[in-house]
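The values are calculated or read from the model by the stated rules, or taken from the named source; none is laboratory data. Please read these numbers as outputs of a predicted model, since none were measured by experiment. In this analysis, Cβ positions are derived from the backbone assuming ideal geometry, glycine residues included, and neighbour counts consider all displayed protein chains.
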Amino acid sequence: AYLRVFYQKDDDGHTADALQPAAANNCFLDTGGYFCGEIKSPDSVALNLDVFDDPGIERSIFRTSLIMDWERGDYRVTSLSSFSHDRLQDQRDNDFLPIAALGGAFHVLSDTEIESYSQELRVNYDDGGALRWLLGGYFYHEQTDDMLSAPFSLRPSVTVSPVAKVKNYAIFGSLDYDISQQLTATVEMRGNWDEISIIPQSGQRQQTFKTLTPRFALSYKLTPEAHLYMTVAKGTKPGGFNDDLFNSAVPESERVRLADFLTYAEEKAWNYEIGAKTSWMAGRLTVNVAGFYIDWTEQQLTTSFPIIGQRRARPLIHNAGKTEIWGLEAEIQARPDDHWNFSASAGYAHAEFTAFDDETQARLTGDSSVAGNRTPRAPEFTFNLSSRFVTPITESMDLFLRADVNHKSSRFVQVHNLAIIGAVTRMNIHTGLEWQDVRLTLYVKNLFDDDTPADVTRFFDASSRFMPRAFLVTLPRGRSFGATVNYSF
């Protein structure tokens, strides 16, 4: 049996976000306004935090899990139990302006608690022969409680979001069969029952989703060091409610106006992959390649609207029509000698909407279709490079040096493919000493101080009572350096 317990307490400042105001919009100005082109990190951040005693985020996290195994002959029974409790308290300026917009209406305090527990029980059979199987069951329960107050507003208020609950029941199984010494076939099946519910003041609402998700795989050993594989699998993600629209402060007229966003549907995807995994030079060189295709329907995306009665920007989830993704991946790891270790990986993914009508697109351009556009926040090209050098300097002490380079190509902020987050390349360097149970590390992260935004979100500008479209820029971590000491016991 294995019992794990984890606790973490964080006390951070205000989120590193800055507003690109509506005044920066440079296209479609006659139909609501938008920004076309690359959005940069601003040179300054405007926040008004004077009213808060301790602005920022306080978070506590508690996790515990218990794993138990019983073996009898060719059978193995495994039980996995877990419990978690998160609490997030946030004091924040939600208008991201140097003044208190609307009399402080957007200076808010929030308190969110999420509690969950799960239980899984599975039985494995393996007698060393050609057939192996697994059967199991799973249960998961989650509850979220959320409260928001605006004590600094001209009209102070406390609002309570509906209690949100998630229950998931699942039965799953798999069969592996060695058709020959080289060829193995795998069949997996999972049945899911999801109950998504919220309990607003108007009474409980619930949605139920029942899905069957199969997975099929073939693996062929060309040699002991190389094998080919192919997989076909279906994945799903249950739908649900946009809880913030059921907040006690949101008037019924808003729910009528945003009726299409009260709920969202389950998304489904069929995944196809073929690839090869190979090992060379007595394991000193590993080369893996793969190609994939994903047929995605009802993809869940986020959007945002100013909502009467809400004093913070929260995303609303809605469904896209159809999306197709195809791509290639490659990975290489090399150990030319006992001192050097190199790794490199690269990926290309082309993700495109094939059918999707968007309300904002219709307002901007007069045509609601975004078919042919790329999906948001998805870079087409990524690569990672890493090298590590280790050499002994005494009988019990090693010197190490590691360098890592990570790259992501540019990506679009939203489905309109107008605003862009630029390409980013960052380099990190670590060096230090290792001896016995101690490791001393000196590091520099983001060596060249790349300031490309970490993310950009559609937002609104609260400096105008019409709240026109703006963009919220999540700032990246600049160049940083430091030292760490690790002790293992």
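The table below gives the values:
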| quantity | calculated |
| --- | --- |
| Candidates 450, 461, filtered to the one that is in contact with a helix residue (DSSP H, G or I) (Cβ under 6 Å, 6 or more places away or on another chain), surrounded by 17 or more Cβ atoms within 10 Å (Cβ to Cβ) and among the acidic types (Asp, Glu) | 461 |
| Hits in the stretch 322-358 - residues which are free of Cβ contacts under 8 Å to residues at least 40 places away in the same chain and closer than 30 Å to residue 257 by Cβ | 322, 354, 355, 357 |
| Top-ranked residue of the stretch 467-482 - restricted to ones that are part of a loop (DSSP other than H, G, I, E, B) and among the hydrophobic types (A, V, I, L, M, F, W, C), ranked as farthest from residue 443 (Cα to Cα) | 467 |
| Tabulated pairs, the stretch 268-280, first under 24 Å from residue 332 (Cβ atoms), second of a type in the set (Asp, Glu), C-beta under 6 angstrom, 6+ apart or interchain | 279/225 |
| Condition broken by residue 442, with the remaining ones in (1) touching a Ser or Thr at 6+ places or on another chain (Cβ under 7 Å); (2) in a strand (DSSP E or B); (3) within 30 Å of residue 351 (Cβ to Cβ) satisfied | (3) |
| Qualifying residue in the stretch 374-386 (condition: under 30 Å from residue 146 (Cα atoms), touching a residue at least 60 places away in the same chain (Cβ under 8 Å) and surrounded by 15 or more Cβ atoms within 10 Å (Cβ to Cβ)) | yes |
| Residue in the stretch 12-52 that is nearest to the chain's Cα centre (by Cα), counting only those that are part of a strand (DSSP E or B) and either at pLDDT 95 or above or crowded, with 17+ Cβ neighbours inside 10 Å (or both) | 17 |
| Elements of type strands (runs of 3 or more DSSP E) in the stretch 111-207, at least 3 residues being in contact with a Lys or Arg (Cβ under 8 Å, 6 or more places away or on another chain) and under 29 Å from residue 230 (Cβ atoms) | 131-150, 163-178, 183-199 |
| Positions within the stretch 478-489 being touching a residue at least 40 places away in the same chain (Cβ under 8 Å) and not hydrophobic (A, V, I, L, M, F, W, C), in sequence order | 482, 484, 486, 487, 488 |
| In the stretch 53-70, the residues that are hydrophobic (A, V, I, L, M, F, W, C) and either closer than 21 Å to residue 106 by Cβ or more than 22 Å from the chain's Cα centre (by Cα) (or both) | 57, 66, 67, 68, 70 |
| Residue within the stretch 141-163 that is in contact (Cβ under 8 Å) with a residue 24 or more places away in the chain and farther than 30 Å from residue 202 by Cα present | no |
| Residues located in the stretch 274-299, provided they are in a strand (DSSP E or B) and buried (at least 17 other Cβ atoms within 10 Å of the Cβ) | 275, 279, 286, 290, 292, 294, 296, 297 |
| One residue from 216, 246, 209 being of a type in the set (A, V, I, L, M, F, W, C) and touching a Phe, Trp or Tyr at 6+ places or on another chain (Cβ under 9 Å) | 209 |
| Test: residue in the stretch 228-238 that is of a type in the set (Gly, Ala, Ser), part of a strand (DSSP E or B) and in contact with an Asp or Glu (Cβ under 9 Å, 6 or more places away or on another chain) | yes |
| Residue tally, condition surrounded by 14 or more Cβ atoms within 10 Å (Cβ to Cβ) and either charged (D, E, K, R) or in contact with a Lys or Arg (Cβ under 7 Å, 6 or more places away or on another chain) (or both), over the stretch 56-84 | 9 |
| Test for residue 412: is it loosely packed, with under 14 Cβ neighbours inside 10 Å and either closer than 30 Å to residue 99 by Cβ or of a type in the set (Phe, Trp, Tyr) (or both) | no |
| Options 269, 313, 249, 233; residue that is at pLDDT 85 or above, surrounded by 15 or more Cβ atoms within 10 Å (Cβ to Cβ), among the aliphatic types (A, V, I, L, M) and closer than 30 Å to residue 34 by Cβ | 269 |
| Checking residue 202 against (1) exposed (fewer than 14 other Cβ atoms within 10 Å of the Cβ); (2) small (Gly, Ala, Ser); (3) more than 30 Å from residue 116 (Cα to Cα); (4) in contact (Cβ under 8 Å) with a residue 12 or more places away in the chain, the condition it does not meet | (3) |
